[in-house]
Structures are given as structure tokens and as C-alpha cells.
Amino acid sequence: MLTPEVNRRIGRAMHSYAMLAHGDRVLVAVSGGADSLVLAWVLDHWRRKAPIDYDLQAVHVDMEPCGDAPGTAAREVMAIMDRLGIAVHVLPAAWQPSSGAGEEEAGKDVCFRCARSRRTQLFEFARCHGFTRLALGHHRDDIIETFFLNLTCAGNISTMRPCQQLFSGRLAVIRPLSYLDKEEVEAVCRRLGLVPVRSRCPLSEQTRRREVHEMLADLYTRIPGAKQHIFAALGNVRTEYLLGPVE
């Protein structure tokens, strides 16, 4: 299901950042989108052929639980994971936009609060169950878009790292799809015959990230090779040519 080129770049990302080691317990976050579904399949596929052995479990944060039962999206995710033969645990969301987001808030920080709450739940679940790796389905487009979001909206130069050690090394966040484009991930999803679960985002993805995505799509059309150069630049930072802190 993976072309030789896609397989090679996944392997290069895993090797370059030492994402997995023998005996790791890997928790893969599955939202139901194409990215996370493909990542879950990739990690299971690699587990079967890798020279190392690691445990794998999926987790889904249910944004619309039905009382004590999983919501519609969660049940769809559970069915897909069952088809792939990957164990999945469903966590009812600790915070939901409907539980306190008015129109004004929705236009400001609902995305930040939602993402922070889900991330906190994932970290806590990983800690309580002894997982050493938390795998997320971010790809090259996500990494570049996060850089521009932080640059234009947060006033800092930063992005997501393919592998990041947290909590004094007790947990590492890994992103094995970091060297792939969104279109490549979606192509793998189609070849696997997986149907992404519809997003329950209350803003229907009309977010600042979507605006940055559209801006970059226009830039890539105007300047061929811009995406590759921007991604390369994120690993080639010349700090001596940046502004120092103002005293």
C-alpha cells in the first residue's frame, strides 16, 4: 500500500529522529482523519516487519459522547480500528466547545482550548498506562503551517518537531509522517480503502489554520519548490542573522 518513495521517507524520518526503540509502548492518537488512520496502519505494518518489537494501542478522544456511550464518530473509529486489528481506547472529551464557547470565544481561542484539552488528556492517559511514545499524524504541510501560524499570530519562530522528548524523557511525541505531504497521506488512505470519519469541528474548519493553508497553496503555485525550501529552512536556522532579544 506504500509506494517505495513514501516508504523510504517514512523510514528516513523514523531513523533520523530515532522515533522507535525495542520495547517501546506506543500510543497512537486517532481522530478519524486520513492522517491518523494512515499513521495507525503504518505503525502496525512496520511492527510486523521491523527488527524491533514494540506494543501498539490506539486512543480516540470522543468529542461527542452519548452519555456513557461512545458518540457516532467514536463508534466509526472503533469499527475502523477493529478492521485493522488495532486495539483502541475511547476517552470522552474533558472539554467540548459546546460546554462554554460563545460566538465571541469561537472566533478567538476555541481551537487552542480544544487542542490543549485533548493533548492534556492524551498525555495523562499515556502516563497512567506506561506508554513511552505518543504518535501523532502530523505531516509536512502541518509542520510548515504551524510555523507560519506561530510567526503571524503568536510572534515567535517555532513549529512541531518530528520527535520531541517531554516530561524529562518519560514520553516522546513522534510524528512518523513528517516527511510526507498531505496529498501523499490521503493517497495511501484511499489505497487502503479507509474512509475518514467526518470532522465534528463546530467551526467547520473555518479557522486561522485554514487561512494559512490557503495562503501557502497560493505561494506554492507562484513559486515552484517553495514548500521544499521552507521545510528545509526549518532545519537550517542561522540564529546569528535573527534579531536578538531587546534589552
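The values are calculated or read from the model by the stated rules, or taken from the named source; none is laboratory data. All values reported here derive from a predicted model rather than from experimental measurement. Glycine also receives a Cβ, built like all others from the backbone with ideal geometry; neighbour counts cover every protein chain displayed.
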**OP:** Out of the residues in the range 132-159 that are closer than 23 Å to R47 by Cβ and among the small types (G, A, S), state the one that is surrounded by the fewest Cβ atoms within 10 Å (Cβ to Cβ).
**Re:** G137
Original post:
How many residues, within the range 171-203, are touching a residue at least 12 places away in the same chain (Cβ under 8 Å), out of contact with any Leu (no Cβ under 9 Å at 6 or more places or on another chain) and either in a strand (DSSP E or B) or loosely packed, with under 13 Cβ neighbours inside 10 Å (or both)?
Top reply: 1
Original post:
Just wondering, is there one or more residues in the range 160-167 that are out of contact with any Gly (no Cβ under 8 Å at 6 or more places or on another chain), within 18 Å of V42 (Cα to Cα) and not charged (D, E, K, R)?
Top reply: yes
**OP:** Find the residue count for the range 11-35, including only residues that are assigned to a loop (DSSP other than H, G, I, E, B) and in contact with a His (Cβ under 8 Å, 6 or more places away or on another chain).
**Re:** 3
Original post:
Can you name the residue in the range 134-175 that is more than 17 Å from the chain's Cα centre (by Cα) and of a type in the set (A, V, I, L, M) and is also modelled with the lowest pLDDT among such residues?
Top reply: A154
**OP:** Can you confirm whether the range 143-157 contains a residue that is closer than 29 Å to H22 by Cβ and either free of Cβ contacts under 8 Å to residues at least 60 places away in the same chain or touching a helix residue (DSSP H, G or I) at 6+ places or on another chain (Cβ under 6 Å) (or both)?
**Re:** no
**OP:** Mind listing just one residue for me: the one in the range 114-141 that is among the small types (G, A, S) and touching a residue at least 12 places away in the same chain (Cβ under 8 Å) and, of those, nearest to L234 (Cα to Cα)?
**Re:** G137
Subject >> Those residues of the range 37-80 which are assigned to a strand (DSSP E or B) and farther than 20 Å from A93 by Cα, in sequence order >> reply: D55, L56
Original post:
What number goes with the only condition from (1) within 30 Å of E76 (Cα to Cα); (2) exposed (fewer than 15 other Cβ atoms within 10 Å of the Cβ); (3) free of Cβ contacts under 8 Å to residues at least 60 places away in the same chain that L243 does not pass?
Top reply: (1)
Subject >> Criterion (touching a residue at least 24 places away in the same chain (Cβ under 8 Å), small (G, A, S) and either surrounded by fewer than 20 Cβ atoms within 10 Å (Cβ to Cβ) or on the phi > 0 side of the Ramachandran plot (or both)) met by exactly one of A34, A18, A40, A29 >> reply: A18
Original post:
Tally time: how many residues in the range 204-247 are in a loop (DSSP other than H, G, I, E, B), among the basic types (K, R) and modelled with pLDDT under 95?
Top reply: 0
Original post:
Does at least one position in the range 90-111 carry a residue that is surrounded by 12 or more Cβ atoms within 10 Å (Cβ to Cβ), modelled with pLDDT of 95 or more, of a type in the set (A, V, I, L, M, F, W, C) and within 16 Å of the chain's Cα centre (by Cα)?
Top reply: no
Original post:
Among the residues of the range 130-142, is there at least one that is of a type in the set (K, R) and over 16 Å from L216 (Cβ atoms)?
Top reply: yes
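Please pick out the residue among F131, F123 that is outside any helix (DSSP H, G or I), under 30 Å from D181 (Cβ atoms) and modelled with pLDDT of 95 or more.
F131
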